[in-house]
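We did not get these values from a lab; they are worked out from the coordinates using the rules stated. Everything numeric here is computed off the predicted structure, so don't read it as measured data. Cβ placement follows ideal geometry from the backbone for every residue including glycine, while neighbour counts extend to all protein chains displayed.
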């Protein structure tokens, strides 16, 4: 296998993983591919903003969070252990957010809504905004649904409100482009 073919295969595996992990988790199914099985880092694109790496890291964050919080082993943990895992999962998400391009590092703030009202906001910005809030919701859902975690209800309510406010924008933008 040539070096070019090897690089293509490696990039293809990460590409597949970056699509498969979030899609499976959205449907309540465990991903088939685990990032722990991939023995190489996502290839870098060499561009100013490496969107491919952003998507690969997002897939790692949410699949790691799901593994920490929603596997059979995770669901048998004590309340204290679950609280620690929630904290760790959210820290992973925040680490991902802090490594986004500078303007996107503020996606967790309510003021982001002001920027989303502009039809010219790039799709990548809206997608990252949705992904961040989707991850917050996924991380805190179990505690919110069972009422077993301290402080998470407020976080989920804020996130759900933010997430819900973006849905009409997604629909509106998709109708304009059709």
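A compact table of results
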| read-out | value |
| --- | --- |
| Potential extension, residue 34-residue 49 segment - 0.36 nm per residue separation minus Cα distance | 2.9 nm |
| Theoretical gain in end-to-end length, residue 87 to residue 12 [0.36 nm per residue, Cα-Cα removed] | 23.8 nm |
| Fewest-first sequence of 104, 25 by Cβ atoms within 10 Å of each Cβ | 104, 25 |
| Kirkwood Rh in Å, taken over segment 1-95 so that all alpha-carbon pairs contribute | 14.6 Å |
| Burial ordering of 18, 45, fewest other beta-carbon atoms within 10 Å first | 45, 18 |
| Cβ-based exposure ranking for 37, 96, in which fewest neighbours within 10 Å come first | 37, 96 |
| Two-decimal log10 I(q)/I(0) for segment 48-103, as the Debye equation yields it once each C-alpha is a single scatterer, q = 0.16, 0.21, 0.27, 0.28 Å⁻¹ | -0.53, -0.76, -1.02, -1.07 |
| Two-site FRET efficiency, residue 26 against residue 3, from Cβ-Cβ distance with R₀ of 45 Å, rounded to 0.05 | 0.80 |
